[in-house]
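Here's the structure, in structure tokens; my notes come after.
Coordinate-derived values only; no laboratory data. All of these numbers come straight from a predicted model, not from anything done at the bench. Glycine gets a Cβ as well: all are built from the backbone with ideal geometry, and neighbour counts include every protein chain shown.
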Amino acid sequence: MTRRTIGSLLVLVAVMTGLSAPASAQQVSASPSASEMDSTRLFMMPTARSLPAGKGFVGVNQVVMPFFEVGVTNRLTMGVGVPVFVLFGGPYWVTARAQVIDTRSVSASVGVLHFGTFSEQVGGVAFASTTIGGTDGAVTVAAGRVYSDEGGGPAYGMIGGNWRIGRRTRFVTENHIWREGGFLSGGIRYGGERFYADFGVTTALFTDYPPYPILNFVWRF
């Protein structure tokens, strides 16, 4: 599988999903609030905050991509996503992230987003990220490298944010770039304590993909 294929998979997941990936806030309580849990993720990639142990998300992205993520410990989060067309060769993904710094205003993590099919391991992105801000609003910056079954690939970067704009609404943006591509995205997250939905749009860079809507439905537990 070529490095260009890995880039294409990242664009595919971006335009067809919003893979949730987690992390938590500063002092973890037994029952974290919705804003604390929402501060752990953008549309597809996580922030540098980790989910509390035993807390997580289950949802469906773009109707055809169910996913599950959970805090294994207060500093380790893992997840998996399996599209409904995986039996026809579609890629599944797994995520793992470890938080190495956790303060009230700064968090740092290292992680991996890996793609595969039932017949081969395709590759993914290994990254380190830093989040600066609080549960009501923060900026996340990530840097890493795309890899494939051929070995190391191009450098990778991401900048995004998640800000409260109302009692039940947040603005979310997530923007990625690597040598052969990238994508921009933005939209609104709306919901209550247990359920929320993301409504947004994403557009791929350096390709002919048209802008594509983001529609995610997520339940917290």
**Amide hydrogen neighbours beyond the local backbone of Thr135, cut-off 5 Å, H modeled** = none
**Request:** Return the FRET efficiency for the residue pair Thr117, Phe195: r is the Cβ-Cβ distance, R0 is 35 Å, and the value is rounded to the nearest 0.05.
**Result:** 0.65
**Relative contact order %, the chain, counting alpha carbon pairs below 8 Å whose residues are six or more apart** = 19 percent
**Asked** Using alpha carbons only, how many degrees (0 to 90, rounded to 10) separate the axis of helix 3-16 from the longest principal axis of the chain?
**Response** 50 degrees
**Prompt:** Can you give the Kirkwood hydrodynamic radius for the stretch 3-220, in Å, rounded to one decimal and based on Cα pairs?
**Reply:** 16.8 Å
**Complete:** Here the gain from full extension of Arg179 to Ser35, 0.36 nm per residue of separation minus their alpha-carbon distance, amounts to 48.4 nm
**Message:** Amide H of Met44 versus every other amide H placed in the peptide plane: which residues, excluding those fewer than 5 positions away on the same chain, fall under 5 Å?
**Reply:** none
**Two-site FRET efficiency, Arg167 against Val82, from Cβ-Cβ distance with R₀ of 35 Å, rounded to 0.05** = 0.55
**Request:** With unit charges on the beta carbon (Lys/Arg positive, Asp/Glu negative), name the residue among Thr117, Tyr156, Phe217 whose Cα is farthest towards the positive pole of the charge dipole of the stretch 3-220.
**Result:** Phe217
**Additional length obtainable on full extension of the chain from Thr130 to Val94, 0.36 nm per residue less Cα span** = 10.9 nm
**Message:** If I model a spin label at Ile101 and Phe68 as a point 7 Å from the Cα along the Cα→Cβ vector, what separation in nanometres do I get?
**Reply:** 3.4 nm
**Cα-centre dipole for the chain with unit charges at Cβ (Lys and Arg positive, Asp and Glu negative), debye to 20** = 520 debye
**Fill in**
For His114, His176, ascending order of other Cβ atoms within 10 Å (fewest first) is His114, His176
**Prompt:** Taking neighbour Cβ counts within 10 Å as the exposure measure, how do Thr40, Thr95, Thr140 sort from fewest upward?
**Reply:** Thr95, Thr140, Thr40
